[in-house]
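Here the structure is laid out as structure tokens; the discussion comes afterwards.
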């Protein structure tokens, strides 16, 4: 019996991305499941026009909870989990078709991801290949749903695909800063919930050692300089997430004392 593939997404205000994403899985997906966090734009309408099964739910800070809901609603043997700003390349589509036909396939697969940042795909700085687990057998993969940075957990053997998943995460600096703000909020919230206090020692780590280490790691050791100004901006801004997270943690503790 032929194995079938469910493509699943969680969305929120993705009307600019959703059509291109779903177009990229034509002739690959046997069904498309979209769990939408009550978008205020036309995301749900566009997805329905493209024959997706669409479910409206509450938008939540840990967005992986909605991704897990999409996984749970999948009907078929294999699941490909995507974000709306990702595209399945023609080469990856062929590779996925081969995998799901093979009875000797593993339980889950890492996909190499190419990340667009401002004006180009990053090739260095630890950003390529950006391996993410996205393809897995139904019942074998799930999100821990604890942080926004986690990978899908696979109960079984994991392999690697060779062809690229295309990720248009940061087409402009405004979108990058929106995600930067959301992620640093979540990182600060997690520290706060773990009862981490904004001490002098922690401040030294988050203002000095962590950002310097991260910048040198991504820009020098992993050769982010090869990507020119976008590579420099990426290394700089990803380093600055540490002091920004500390400031937000300090605000949370200050508000509790007030």
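We did not get these values from a lab; they are worked out from the coordinates using the rules stated. This is a predicted model, so every value here is computed, not measured. When we count neighbours, we look across all protein chains shown, and the Cβ atoms used for this are built from the backbone with ideal geometry, even at glycine.
In table form, for the structure just shown:
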{"item": "Stretch gain in nm, segment residue 163-residue 150, where the contour uses 0.36 nm per residue and the Cα spacing is subtracted", "result": "2.5 nm"}
{"item": "Over the chain: Kirkwood hydrodynamic radius from C-alpha pairwise inverse distances, Å", "result": "19.7"}
{"item": "Relative contact order (%) - criterion: Cα under 8 Å, at least six apart; region: the chain", "result": "18"}
{"item": "Whole-number percent relative contact order across the range 173-257, with pairs defined as alpha carbons under 8 Å at least 6 apart", "result": "44"}
{"item": "Segment residue 20-residue 178, length gained on full extension (0.36 nm per residue, minus Cα span)", "result": "54.7 nm"}
{"item": "Prolate/oblate/rounded label for the range 1-56 (Cα gyration tensor, a/c 1.5)", "result": "prolate"}
{"item": "Where labels lie 7 Å past Cα in the beta-carbon direction, separation of residue 201 and residue 98 in nm", "result": "5.2"}
{"item": "Computed [θ] at 222 nm, helices only, for the chain once each DSSP H run of length n ≥ 4 contributes -39500 (n - 2.57)", "result": "-11500 deg cm²/dmol"}
{"item": "DSSP beta bridges in the chain [antiparallel fraction, %, rounded to 5]", "result": "40"}
{"item": "Cα gyration tensor, the range 1-126 - rounded (a/c under 1.5), prolate or oblate", "result": "oblate"}
{"item": "Gyration tensor verdict on the range 173-257 (Cα atoms; rounded if a/c is under 1.5, prolate if a/b is larger than b/c, oblate otherwise)", "result": "oblate"}
